[in-house]
Amino acid sequence: MGEFIRVKDAFYRYPSCEDWAINGLTMSISDGEYVAIMGSNGSGKSTLVRMLNGLLKPQRGRVLVDGQETVDEVATWAIRAKVAVVFQNPDNQLVAARVEEDVAFGPENLGLEPGEIRIRVEEALGLMGLIELRHYPPHLLSGGQKQRLAIAGAMAMKPQVLVLDEPTSMLDPQGRREVLEAIGRLNRDEGLTVVHVTHSPEEAALAGRVMIIDSGKVALDGVPGEVFSQGKLLQEYGLAVPVIVNITDGLRIQGVAVPKGIIGVDEMVEWLWPLL
Ligand SMILES: Nc1ncnc2c1ncn2[C@@H]1O[C@H](COP(=O)(O)OP(=O)(O)OP(=O)(O)O)[C@@H](O)[C@H]1O
Ligand SMILES: [Mg+2]
């Protein structure tokens, strides 16, 4: 497993701003990982996202994608092709009159041959379960379908990393489930590296690793069980813990010896079931 993304002591400040949005941030992400990023409003998550595909360049320090520096102008397009980004609002990301044209938009801009574009569109529609909706106008889709379409458009670029910045925050529970399942599938079955920015601890717990950003730096980094067992610290960073963690903390205070690392409903049930 190679380190596909490396951020080394990176700094970024917006021209209009006095404070560093990214303030000496160091981290790396390996091929095939599923990393959730959490942090309070303004902690620098979206700025980091924009740095990962070279949209913003570090003013100090380094950001490397697949060994290439994002400040290197020659690497810009290669990096954009390797790191696809999906944002919060699907309506701002959909451009065409029909679903399949929307997916084809990116590959067309890459200047690929029509045959290759068709193959990529088929694959991406299939991956996201959108084959039946291919002739639909995107504005008639549900929120979850729209966001899956945005992901399909990203996948048609054949990226190595998919970065999602709060992709479910505008969706209802059903749409949220659809998108989370799609993200999990891409990571599990396609081996895609996923970076998922979210405010939901339950969503973050689905990842293999959770990174907490505070004031433009990495504050905590580890497997979900580890990170979410640090309730006090998380509160200091302005973050919630999964509901199950609140329950297990409460049980421990009552003297019940709950094993470490229980952060999801399934794990809770698995532990409770034999006790009944
Ligand atoms: N375009 C911009 N111009 C000036 N300052 C900005 C801009 N975008 C973000 N900032 C500032 O940079 C800091 C980090 O913002 P960023 O959007 O990265 O945070 P975030 O963690 O994504 O927050 P949220 O959870 O609200 O999405 C904040 O202080 C913010 O005000
Ligand atoms: Mg943000």
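The values are calculated or read from the model by the stated rules, or taken from the named source; none is laboratory data. Note that the structure is predicted; figures quoted are calculated from it, not measured. Ideal geometry is used to build each Cβ from the backbone, glycine not excepted, and the neighbour counts take in all protein chains shown. Only protein heavy atoms, including side chains, enter the accessible area calculation; ligands, DNA and RNA are left aside. Shrake-Rupley method; radii C 1.70, N 1.55, O 1.52, S 1.80 Å.
At-a-glance table
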{"quantity": "Long-range amide H partners of Val195 with built H, under 5 Å", "calculated": "Val35, Leu162, Val163, Leu164"}
{"quantity": "Under 5 Å, built H, 5+ apart or other chain: amide partners of Ser40", "calculated": "none"}
{"quantity": "Rounded, prolate or oblate (a/c below 1.5 giving rounded, otherwise prolate when a/b exceeds b/c) for the chain by Cα gyration tensor", "calculated": "oblate"}
{"quantity": "Nearest 10 degrees, 0 to 90: helix 114-127 Cα axis against the chain principal axis", "calculated": "20 degrees"}
{"quantity": "Pairs from Lys45/Lys217; Lys232/Lys260; Lys57/Lys146; Lys57/Lys217; Lys57/Lys158 whose Cα-Cα separation, in the structure shown, is over 20 Å", "calculated": "Lys57/Lys146; Lys57/Lys158"}
{"quantity": "Solvent-accessible area, 1.4 Å probe, carbon plus sulfur percent, for the chain", "calculated": "52 percent"}
{"quantity": "³J(HN,Hα) computed for each position of the range 18-29 - Karplus, 6.51 cos²θ - 1.76 cosθ + 1.60, integer Hz, glycine/proline x", "calculated": "7, 7, 6, 5, 10, 10, x, 8, 10, 6, 9, 10"}
{"quantity": "Potential extension, Glu236-Ala97 segment - 0.36 nm per residue separation minus Cα distance", "calculated": "45.4 nm"}
{"quantity": "Accessible surface, the range 121-185, averaged per residue in Å² (probe 1.4 Å)", "calculated": "41 Å²"}
{"quantity": "Residue order for Val241, Val210 - accessible surface, 1.4 angstrom probe, largest first", "calculated": "Val241, Val210"}
{"quantity": "In range of the label at Glu73: residues from the range 1-42 whose backbone nitrogen is under 15 Å from the point 7 Å along Cα→Cβ", "calculated": "none"}
{"quantity": "Amide H within-cut-off set for Asp214, under 5 Å, with H built and near neighbours excluded", "calculated": "Ala219"}
{"quantity": "Computed helical MRE - 222 nm, the chain, DSSP H runs ≥ 4 contributing -39500 (n - 2.57), nearest 500", "calculated": "-11000 deg cm²/dmol"}
{"quantity": "Helix axis angle, 173-190 relative to the chain longest principal axis, alpha carbon, degrees", "calculated": "80 degrees"}
{"quantity": "Rounded if a/c under 1.5, otherwise prolate or oblate - the range 67-125, Cα gyration tensor axes", "calculated": "oblate"}
{"quantity": "Accessible area (Å², 1.4 Å probe, nearest 10) - Phe87", "calculated": "80 Å²"}
{"quantity": "Dipole-positive endmost among Ala219, Ala36, Gly153 within the range 3-236 (Cβ charges, Cα centre)", "calculated": "Ala219"}
{"quantity": "The chain, dipole about Cα centre (Lys/Arg Cβ +1, Asp/Glu Cβ -1), debye to the nearest 20", "calculated": "420 debye"}
{"quantity": "Full-extension gain in nm, Tyr14 to Asp31, via 0.36 nm per residue minus C-alpha separation", "calculated": "3.1 nm"}
